[in-house]
1. List, please: which pairs have Cβ atoms under 8 Å, are six or more places apart or on different chains, and start with a residue in region 163-184 that is touching a residue at least 12 places away in the same chain (Cβ under 8 Å) and end with one that is outside any helix (DSSP H, G or I) and among the charged types (D, E, K, R)?
2. Pairs needed: first member in region 187-213, farther than 15 Å from residue 16 by Cα; second member anywhere, near the ligand (Cβ under 10 Å from one of its atoms) and in a strand (DSSP E or B); C-beta distance under 6 Å; at least 6 residues apart or different chains.
3. Does at least one position in region 154-164 carry a residue that is at pLDDT 95 or above and within 22 Å of residue 48 (Cβ to Cβ)?
4. Right, residue 237: within 24 Å of residue 25 (Cα to Cα), surrounded by fewer than 18 Cβ atoms within 10 Å (Cβ to Cβ) and hydrophobic (A, V, I, L, M, F, W, C) or not?
5. Please find, within region 204-218, the residue that is farthest from the ligand (Cβ to nearest atom) out of those that are over 18 Å from the mean Cα position of the chain (by Cα) and assigned to a loop (DSSP other than H, G, I, E, B).
6. Which one of these is buried (at least 16 other Cβ atoms within 10 Å of the Cβ), within 17 Å of the chain's Cα centre (by Cα), under 23 Å from residue 42 (Cβ atoms) and away from the ligand (no atom under 16 Å from the Cβ): 190, 221?
7. Identify, by number, the condition in (1) hydrophobic (A, V, I, L, M, F, W, C); (2) in a loop (DSSP other than H, G, I, E, B); (3) more than 16 Å from the ligand (Cβ to nearest atom) that residue 200 doesn't meet.
8. Could you tell me how many of the residues in region 25-39 are crowded, with 23+ Cβ neighbours inside 10 Å and within 19 Å of residue 2 (Cβ to Cβ)?
Amino acid sequence: MTKTSALVLFSGGQDSTVCLASALERYDAVETVGFNYGQRHTVELDARQRVMARLRSAFPKWAAKLGEDHMLDLPALGAISETSLTRGTEIEFVASGLPTTFVPGRNLLFFTYAAALAWRRGITTLVGGMCETDYSGYPDCRNDTLQTLAKALSLGLDKPVTIETPLMYVDKAGTWAMAEKLGGTALVDLIIEDTHTCYLGDRTHRHPWGYGCGTCPACELRAKGWEKWRAAKASRAT
Ligand code: ZN
């Protein structure tokens, strides 16, 4: 029997951690890739290491499948996110609630780099935590966008490339529920303590759902999802 394998786009956030757990549950061998483009903080990169170390120690059955971690430096993305805003687009950004470091279309770039790396590793399945339920404002997270990209990558690499997005139609409450289903309380605790989602890189404020400023759009979404999931659990228990 041939071994199945996948490459997971892993940022150290809640969504990509759940995707990594999901891939570890479903594939024989799983590798990870992260992108370094001068993120606002090294907080994200620290979270990656922390999450992987704890996944290995707390889930021996997954540790056996978790292979190499790859870091790709993409300084060009950093340059775009730091310097290229015009006055007009800056105003649009502030109004939209997106962080000003946001790079439009960046998931297309991430998957294209990941596909090239996967080709070299003999892997044809890419897994990412994109979701169109909560972030309908991010057109590069949409299923149509990513499935069309998978088609282009398959043609361009002359090999079938599959893009899997287990969270595509799952809201944040559903992501917490999925974590519990995959790894029980241990995985939920790991996500609370070790993953990082906050746009501001805040690790000083601890909430029931984890660390973060509590007010940026990413924190708000995470907190809302947590409350909805807890409420649903409580109503089932009574
Ligand atoms: Zn925040």
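1. Sorted first by the residue in region 163-184, then by its partner, the pairs are 168/132; 169/132; 171/134; 172/134.
2. Taking only residues 6 or more apart or on different chains, the pairs are 203/211.
3. Yes, region 154-164 contains a residue that is at pLDDT 95 or above and within 22 Å of residue 48 (Cβ to Cβ).
4. no
5. Here is the first cut: in region 204-218, the residues over 18 Å from the mean Cα position of the chain (by Cα) are 204-208, 213-215.
Among the residues that remain, those that are also assigned to a loop (DSSP other than H, G, I, E, B) are: 204-205, 208, 213-215.
Details: 204: 11, 205: 9, 208: 15, 213: 3, 214: 6, 215: 6 Å.
Restricting to residues being over 18 Å from the mean Cα position of the chain (by Cα) and assigned to a loop (DSSP other than H, G, I, E, B), the top hit is 208.
6. The match here is 190.
7. (3)
8. 1
The values are calculated or read from the model by the stated rules, or taken from the named source; none is laboratory data. Note that the structure is predicted; figures quoted are calculated from it, not measured. Methodologically, a virtual Cβ is constructed for each residue, glycine included, from the backbone with ideal geometry; neighbour enumeration extends over all protein chains shown.
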